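S.K.: This is the structure, below, for whatever I ask next.
The values are calculated or read from the model by the stated rules, or taken from the named source; none is laboratory data. Keep in mind that what you see is a predicted model, and the values were worked out from it rather than measured. Here Cβ is always computed from backbone atoms with ideal geometry, including for glycine, and neighbour counts include all displayed protein chains. Areas reflect the complete protein model, heavy atoms only, side chains present, ligands, DNA and RNA absent. Shrake-Rupley method; radii C 1.70, N 1.55, O 1.52, S 1.80 Å.
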Amino acid sequence: MKIAIGCDPNATEYKKMLIPFVESLGHEVTDFGSDDPIYANVAIEVAEAVAAKKFDRGILFCGTGIGVMLAANKVKGAYAAVVSDVYSAQRACLSNNCNIITLGAQVTGYKLAEEVIRAYLAETYVYNERSGKKVDRIVEYEREH
């Protein structure tokens, strides 16, 4: 898969440690940078690229993962979830069809981040009776507004 990655300056080293890991899983990574102290700018840039289908998925980092998640979710067609455990990372894809995950460099240890990213990238959303209609409603609302 083609993966877009970005972060704010607080998470630069964290991102630099995780990019080679993502590549070791067989994915092509494009780094959208980390110099802008306004985390919303890089989050929006990654989200726009993912929503436009230039990338299969996105991964964003900031101190908690919350700020970049909020910014990314303002982009039509971007569906970001902050994740801090393997099960949530899996469900972000399987239940919610999220095309972006966000992690907090100040709250999620590096080794756990590897496992969370591995779990997320290993899953593929398959429309199903339990979650499909819920995801459909989110997309429908987005189209209406």
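S.K.: Is it true that some residue in the stretch 59-67 is without any contact (Cβ under 8 Å) to a residue 40 or more places away in the chain, open to solvent by 10 Å² or more (accessible area, probe 1.4 Å) and touching a strand residue (DSSP E or B) at 6+ places or on another chain (Cβ under 8 Å)?
M.R.: Within the stretch 59-67, one or more residues are without any contact (Cβ under 8 Å) to a residue 40 or more places away in the chain, open to solvent by 10 Å² or more (accessible area, probe 1.4 Å) and touching a strand residue (DSSP E or B) at 6+ places or on another chain (Cβ under 8 Å).
S.K.: Going through the stretch 68-93 one residue at a time, which ones are among the aliphatic types (A, V, I, L, M) and open to solvent by 40 Å² or more (accessible area, probe 1.4 Å)? Walk me through how you get there before you give the answer.
M.R.: Step one: filter the stretch 68-93 for residues among the aliphatic types (A, V, I, L, M), giving 68-72, 75, 78, 80-83, 86, 89, 92.
Those that are among the aliphatic types (A, V, I, L, M) and open to solvent by 40 Å² or more (accessible area, probe 1.4 Å): Leu70, Val82, Val86.
S.K.: Which members of the stretch 1-32 meet the condition of being farther than 16 Å from Met69 by Cβ, outside any strand (DSSP E or B) and within 15 Å of the chain's Cα centre (by Cα)?
M.R.: Hits for the stretch 1-32 are Met1, Leu18, Ile19, Val22, His27.
S.K.: Could you pull out the residue among Ile138, Ile117 that is aliphatic (A, V, I, L, M) and over 17 Å from the mean Cα position of the chain (by Cα)? Steps first, answer last, please.
M.R.: Values: Ile117 fails: over 17 Å from the mean Cα position of the chain (by Cα).
Selected residue: Ile138, the only one of Ile138, Ile117 that is aliphatic (A, V, I, L, M) and over 17 Å from the mean Cα position of the chain (by Cα).
S.K.: Considering only the stretch 47-68, how many residues are over 12 Å from Lys2 (Cα atoms) and part of a helix (DSSP H, G or I)?
M.R.: At the first step, the residues of the stretch 47-68 found to be over 12 Å from Lys2 (Cα atoms) are 47-48, 51-52, 60-68.
With part of a helix (DSSP H, G or I) added as a condition, the list becomes 47-48, 51, 66-68.
Selection size over the stretch 47-68: 6.
S.K.: Still on this structure: Does at least one position in the stretch 34-43 carry a residue that is assigned to a helix (DSSP H, G or I), under 26 Å from Asp136 (Cβ atoms) and hydrophobic (A, V, I, L, M, F, W, C)?
M.R.: Yes, there is a match, as at least one residue in the stretch 34-43 is assigned to a helix (DSSP H, G or I), under 26 Å from Asp136 (Cβ atoms) and hydrophobic (A, V, I, L, M, F, W, C).
S.K.: Since Lys76 meets every condition but one in (1) charged (D, E, K, R); (2) touching a strand residue (DSSP E or B) at 6+ places or on another chain (Cβ under 9 Å); (3) within 26 Å of Ile38 (Cβ to Cβ), which condition does it not meet?
M.R.: (2)
S.K.: Follow-up question, since we're still on this one. Taking the condition of being farther than 22 Å from Val107 by Cβ and surrounded by 13 or more Cβ atoms within 10 Å (Cβ to Cβ), how many residues in the stretch 5-30 meet it?
M.R.: Of the residues in that region, 4 qualify.
S.K.: Starting from residues that are free of Cβ contacts under 8 Å to residues at least 40 places away in the same chain, open to solvent by 80 Å² or more (accessible area, probe 1.4 Å) and not in a helix (DSSP H, G or I), keep the ones in the stretch 97-145 and report whichever is nearest to Thr64 (Cα to Cα).
M.R.: Restricting to residues being free of Cβ contacts under 8 Å to residues at least 40 places away in the same chain, open to solvent by 80 Å² or more (accessible area, probe 1.4 Å) and not in a helix (DSSP H, G or I), the top hit is Thr124.
S.K.: State which residue pairs qualify: first residue modelled with pLDDT under 95 and inside the stretch 27-43, second residue in a strand (DSSP E or B) and open to solvent by 80 Å² or more (accessible area, probe 1.4 Å) in any location, beta carbons under 8 Å apart, and separation of 6 or more residues or different chains.
M.R.: none
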